[in-house]
Amino acid sequence: MKSVWARTLCRLLMVLMVWSPMQLANAGMIGTDQAASVATQADRDTLFQFLGRSDVTSQLQSLGIDPATVKGRVAAMTDQEVQSLADKIHSMPAGGDSGAILLLIVIGVVVWWIWFRR
Amino acid sequence: MVDLVPPLAIGTGLQRYARRMAGVFILALAAGCASLFPQTSELGKSGLPPGLPERVELAHTPFFPQEEYQCGPAALATALVSAGAQTTPEALVPQVYVPERKGSFQVEMLAAARRHGMVSYALAPKFEDLLREIAAGTPVIVLQNLGILWAGWHYAVAIGYDYSRGTLVLRSGTQEREVMPFGTHELVWMRSGYWAMVAMPPDRIPVTAEEKSWLNALAAFERVGNARAARTAYEKTLERWPENVNARIGLANVHHGLGDLAKAEAVLREAAEHDPDSVVVLNNLAQTISDQGRHAEALPFIERAAAAGGPFAGAVQKTRATILERLGQKRIE
């Protein structure tokens, strides 16, 4: 497991490398997403999140997602969404199970009968 | 053979276990433990929230029985098709399913809806809001955890409720019409932090939408979606919250992106009247005026933005430099 410090250092170095190209990509208009999430360090955040995108892309690929589709998936996320995925991809719930658990239902019915209808 | 436990004994053991478990819950209740399902007991005590019908069921909501582990695509297809998009769970698998996790992330559920022309919005974690959205005709995707010993994350779509019976109706897994008591739903729903989302066509706003969160949802939609749809969404939003400066900024950005600079300018001028100190408005107004070739006219606006400083100072300096450069070139010509 990479340490948090190592990751932060890597990101900082990469920030310095990509700083100017990212700035040039801005066509003069401040984007709505930036305006909506006025962070104290808006510019730097954007860069961290830009890095987050490539991070998340490779993380998703390692979870079995077809490289041909992963780009479109990440592109549809906001910067904050990318960031939350990058930080918590291994602890995030992934809804996929089916089937109700009978015991829970039984308990629920009892609970509801006692509580809600009295 | 003698060492094997007869099947019957296993059954009674399980039953005894189940009975004891149920007993624990009843005891907890008897002790007045309303915190087991706080929102349900609140709903029960305070009565039907004002303005809500006693019973609703969005019976026309489509049903896609899920294949194994595919409740994410199935739930999303249910919400998207009912909002007017044309898609299927199969088409959504490559957009939300994560093979190694045998499931779908919440973030991707929100993101994928945008790719189908819908604005995705995560509801506030309130049971009442869930009921309000259903009553307004919007099916709501909820994330439940049905597991006991291990996590059993599951997406279902809430499409109805009956307040007097205290039950919720869901499209869930292979069940077209699952009826779940409020309390049971809360027990399995609260484990996801009461996570719920809706997918809205661009001309509709969720009834429970909070201004700031909705604007964030729209900005996310604008990034991905089609500009004309985003324009519609911003116009509708300004009808509901006429004072919202970010909606004006968004609308102007969409006009600008579509090449409609005069309209973008008009919206931004209006915004500058309402919020004369907004650096974003001043910057974007200056840029838009300059983009129409009136660089000298743009200059005072960008100077005002530059004087204000703040988090956008870097972007403002860039715009200012561009305008000055254009002005210089014009003079030389």
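The values are calculated or read from the model by the stated rules, or taken from the named source; none is laboratory data. Model, not experiment: these values are computed from the prediction. Virtual Cβ from ideal backbone geometry, glycine too; neighbours counted across all protein chains shown. To get the accessible areas, we keep the full protein, side chains included, count just its heavy atoms, and leave off ligands, DNA and RNA. Shrake-Rupley method; radii C 1.70, N 1.55, O 1.52, S 1.80 Å.
Key figures
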{"item": "Matching residues in segment B:234-260 - criterion: being under 15 Å from B:Ile205 (Cβ atoms) and in contact (Cβ under 8 Å) with a residue 24 or more places away in the chain", "result": "B:Lys236, B:Thr237, B:Arg240, B:Trp241, B:Asn244, B:Asn246, B:Ala247, B:Gly250"}
{"item": "So B:Val207, is it in a strand (DSSP E or B), within 24 Å of B:Gln106 (Cα to Cα) and among the β-branched types (Val, Ile, Thr)", "result": "no"}
{"item": "Residue tally, condition charged (D, E, K, R) and open to solvent by less than 50 Å² (accessible area, probe 1.4 Å), over segment B:56-94", "result": "0"}
{"item": "Some residue of segment B:110-131 being away from chain A (no Cβ under 12 Å), touching a strand residue (DSSP E or B) at 6+ places or on another chain (Cβ under 8 Å), surrounded by 24 or more Cβ atoms within 10 Å (Cβ to Cβ) and in a helix (DSSP H, G or I)", "result": "yes"}
{"item": "Enumeration of residues in segment B:142-179 that are in a strand (DSSP E or B) and touching a Phe, Trp or Tyr at 6+ places or on another chain (Cβ under 6 Å)", "result": "B:Val142, B:Leu143, B:Gln144, B:Asn145, B:Leu168, B:Arg171, B:Glu176"}
{"item": "Conditions (1) surrounded by fewer than 24 Cβ atoms within 10 Å (Cβ to Cβ); (2) of a type in the set (D, E, K, R); (3) within 11 Å of chain A (Cβ to nearest Cβ); (4) in contact (Cβ under 8 Å) with a residue 24 or more places away in the chain: number failed by B:Lys330", "result": "(3)"}
{"item": "Verdict on B:Ser104 being in a strand (DSSP E or B), within 7 Å of chain A (Cβ to nearest Cβ), open to solvent by less than 50 Å² (accessible area, probe 1.4 Å) and among the small types (Gly, Ala, Ser)", "result": "yes"}
{"item": "Verdict on B:Leu131 being touching a His at 6+ places or on another chain (Cβ under 7 Å) and in contact (Cβ under 8 Å) with a residue 40 or more places away in the chain", "result": "no"}
{"item": "From B:Thr167, B:Thr174, residue being over 14 Å from the mean Cα position of the chain (by Cα), free of Cβ contacts under 8 Å to residues at least 40 places away in the same chain and assigned by TED's automatic domain parsing to the domain that holds B:His116", "result": "B:Thr167"}
{"item": "Matching residues, segment B:46-90, being over 21 Å from the mean Cα position of the chain (by Cα) and closer than 17 Å to A:Thr69 by Cα", "result": "B:Glu90"}
{"item": "Filtered residues of segment A:27-64 (kept if loosely packed, with under 15 Cβ neighbours inside 10 Å, at pLDDT 55 or above and hydrophobic (A, V, I, L, M, F, W, C))", "result": "A:Ala27"}
{"item": "Index of the failed condition, B:Ser290 passing every other in (1) farther than 30 Å from B:Ala229 by Cβ; (2) touching a residue at least 24 places away in the same chain (Cβ under 8 Å); (3) open to solvent by less than 10 Å² (accessible area, probe 1.4 Å)", "result": "(1)"}
{"item": "Residues of segment B:266-287 classified as of a type outside the set (Val, Ile, Thr) and open to solvent by less than 30 Å² (accessible area, probe 1.4 Å), total", "result": "10"}
{"item": "Meets criteria (at pLDDT 95 or above and either in contact with a helix residue (DSSP H, G or I) (Cβ under 6 Å, 6 or more places away or on another chain) or under 26 Å from B:Gly44 (Cα atoms) (or both)) for B:Arg231", "result": "yes"}
{"item": "Residue in segment B:132-145 that is nearest to the other protein chains (Cβ to nearest Cβ), counting only those that are open to solvent by 10 Å² or more (accessible area, probe 1.4 Å) and aliphatic (A, V, I, L, M)", "result": "B:Ala135"}
{"item": "Selection count, segment B:286-301, where residues are within 10 Å of another protein chain (Cβ to nearest Cβ) and not acidic (Asp, Glu)", "result": "4"}
{"item": "Test set (1) open to solvent by less than 60 Å² (accessible area, probe 1.4 Å); (2) not in a helix (DSSP H, G or I) - B:Ala298 fails condition number", "result": "(2)"}
{"item": "Residue within segment B:210-233 that is free of Cβ contacts under 8 Å to residues at least 24 places away in the same chain, assigned to a helix (DSSP H, G or I), in the same structural domain as B:Val279 (by TED's automatic domain parsing) and crowded, with 21+ Cβ neighbours inside 10 Å present", "result": "no"}
{"item": "Selection status of B:Glu186, in a strand (DSSP E or B) and at the interface with chain A (Cβ under 10 Å from one of its Cβ atoms)", "result": "no"}
{"item": "Near pairs, Cβ below 6 angstrom, 6+ apart or cross-chain, from segment A:84-96 (farther than 25 Å from B:Pro89 by Cα) to any residue that is in a helix (DSSP H, G or I)", "result": "A:Ala86/A:Gly52; A:Ala86/A:Asp55; A:Ala86/A:Val56"}
{"item": "Positions within segment B:77-101 being touching a residue at least 24 places away in the same chain (Cβ under 8 Å), part of a helix (DSSP H, G or I) and either of a type outside the set (S, T, N, Q) or not assigned by TED's automatic domain parsing to the domain that holds B:Phe64 (or both), in sequence order", "result": "B:Ala79, B:Leu80, B:Pro89, B:Val96"}
